[in-house]
Amino acid sequence: MADSARTRRIVWGAPGWYIRTVVEQITIRRPDDWHLHLRDGDAMRAVVGHSARVFGRAMVMPNLVPPVFTAEDAQAYRARIVEAIGPESTFDPKMTLYLAPQTTPDHIDAAMAAGVLAVKLYPAGATTNSDAGVARLDGVYPALERMEAVGMPLLIHGESTDPSVDIFDRERVFVEQTLAPLVERFPALPVVLEHITTSDAVDFVSGARARVAATITAHHLLMNRNAIFEGGIRPHHYCLPVLKRERHREALVRAALSGDPRFFAGTDSAPHGVDRKERACGCAGCYTAFAAIELYAQAFEDAGNLALLEGFASCFGADFYGLARNEGTITLARESWEVPATYPLGDSEVIPLFAGQRLRWRVQP
Ligand code: NCD
Ligand code: ZN
């Protein structure tokens, strides 16, 4: 159970000045990030410390160039991450395989044997580095059957790739046309619908069979689609699935604070060099790892119940994956600080979410 320290403060609000009890500090079990893009090489070395500082584990996405296709690719990538964080870190990167038309049941067996935790489905063309993904699901049924047999979870980027489908409807259409039949066809396959953005996804997951879950990012809890066009076009608020309208954000907040263990934290922190974001055709992805748990804390506090953060960020994901919850704790303190304008990213820089703005929670060293 989360531990917190409170004080009474005189604050200014709708009724004028009034006294409110304010949480000043909260200690929670060490959280995990169940959806993270770490990239590779110098960029990975530049960002991995942000996650390793706070999170016990992260589910590391496989959309490198070239992707993480095999167990050997995953083991080699994990070794590079572990080397980058150094021997004193206890951060435990969990690896994923990139599902491709050429993925066979043997690939799944080798991945299981190598400790790969899950397999990621990118519909071909849906998002960054998804060209090698799957265009026809029935082509990978043999791999999915093996995953179902051995209990290997399928993590899904859930967006329709039909170009005639409106970009704001792509998640809903995917859920209706692809996910619902998939979950029925493979009734024992563990499935995580990643970075959900709509009430349709919330409703589907809430009512689905056992072993269906979803991750929710901090930025989808904090922003709606107006943020993409606030006074001009805001490339650093552009991610996929794209931010949706306010009623969808509210549905995500309700899901995250429902205490339903099907919903847990996955940041989808996705760093891109500033040159790849601020251009005529900019990449999708928000960089949040530098303050991921602080951003979640802000969203939970805004929604009125910070104590529910621990289950969502530190317990339900581990439970879903059949892993022990982390042993240690982290402490967040109410402390106003300004988000830097940039962070280094290999030979470039990444603009963090809310650059130049103030956040009100900070993990204590
Ligand atoms: C991710 C990336 O940049 O790798 N981008 C994003 O907008 N979320 C890919 C993804 O998860 O869709
Ligand atoms: Zn992602």
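Would you confirm whether or not the range 235-248 contains a residue that is in contact with a helix residue (DSSP H, G or I) (Cβ under 6 Å, 6 or more places away or on another chain), closer than 21 Å to Phe320 by Cβ and away from ligand 1 (no atom under 16 Å from the Cβ)? No - not one qualifying residue is present in the range 235-248.
The residue of the range 68-95 that is nearest to His107 (Cα to Cα), among those that are surrounded by 22 or more Cβ atoms within 10 Å (Cβ to Cβ) and within 16 Å of ligand 2 (Cβ to nearest atom), is Val68. Only residues that are aliphatic (A, V, I, L, M) and in contact with a Cys (Cβ under 6 Å, 6 or more places away or on another chain) were counted across the range 320-365, and they come to 1. Any residue in the range 172-189 that is assigned to a loop (DSSP other than H, G, I, E, B) and within 27 Å of Pro271 (Cα to Cα)? No, the conditions are met nowhere in the range 172-189.
Hey, does the range 84-99 have a residue that's part of a helix (DSSP H, G or I), in contact (Cβ under 8 Å) with a residue 24 or more places away in the chain and in contact with an Asp or Glu (Cβ under 7 Å, 6 or more places away or on another chain)? No, every residue in the range 84-99 fails to be part of a helix (DSSP H, G or I), in contact (Cβ under 8 Å) with a residue 24 or more places away in the chain and in contact with an Asp or Glu (Cβ under 7 Å, 6 or more places away or on another chain). In this entry, Val68 is excluded by the filter for residues that are more than 16 Å from ligand 1 (Cβ to nearest atom), of a type outside the set (Asp, Glu) and not in a strand (DSSP E or B).
Counting the residues of the range 9-37 that are away from ligand 2 (no atom under 16 Å from the Cβ) and touching a residue at least 12 places away in the same chain (Cβ under 8 Å) gives 13.
Got at least one residue in the range 130-138 being within 21 Å of the chain's Cα centre (by Cα), free of Cβ contacts under 8 Å to residues at least 24 places away in the same chain and within 16 Å of ligand 1 (Cβ to nearest atom)? Yes. Of all residue pairs spaced 6 or more apart or on separate chains, those with beta-carbon atoms under 8 Å, a first member in the range 156-176 that is touching a residue at least 60 places away in the same chain (Cβ under 8 Å) and among the hydrophobic types (A, V, I, L, M, F, W, C) and a second member that is more than 16 Å from ligand 1 (Cβ to nearest atom) and not in a helix (DSSP H, G or I) are Phe168/Arg245. If you check Tyr296, Tyr287 for being within 16 Å of ligand 1 (Cβ to nearest atom), aromatic (Phe, Trp, Tyr), closer than 18 Å to Val363 by Cα and surrounded by 16 or more Cβ atoms within 10 Å (Cβ to Cβ), only one passes: Tyr287. Please determine whether any residue of the range 11-34 is within 16 Å of ligand 1 (Cβ to nearest atom) and surrounded by 18 or more Cβ atoms within 10 Å (Cβ to Cβ). Yes, because at least one residue in the range 11-34 is within 16 Å of ligand 1 (Cβ to nearest atom) and surrounded by 18 or more Cβ atoms within 10 Å (Cβ to Cβ). Quick check on Met59: is it in a strand (DSSP E or B), at pLDDT 95 or above and in contact with a Pro (Cβ under 8 Å, 6 or more places away or on another chain)? Here the answer is no, as Met59 does not meet what is asked. Every condition in (1) part of a helix (DSSP H, G or I); (2) over 30 Å from Asp302 (Cα atoms); (3) under 24 Å from the mean Cα position of the chain (by Cα); (4) free of Cβ contacts under 8 Å to residues at least 60 places away in the same chain holds for Val48 except the one numbered (2).
The values are calculated or read from the model by the stated rules, or taken from the named source; none is laboratory data. Keep in mind the model is a prediction, meaning the values are calculated, not measured. Note: ideal-geometry Cβ built from the backbone for every residue, glycine included; neighbour counts use all protein chains shown.
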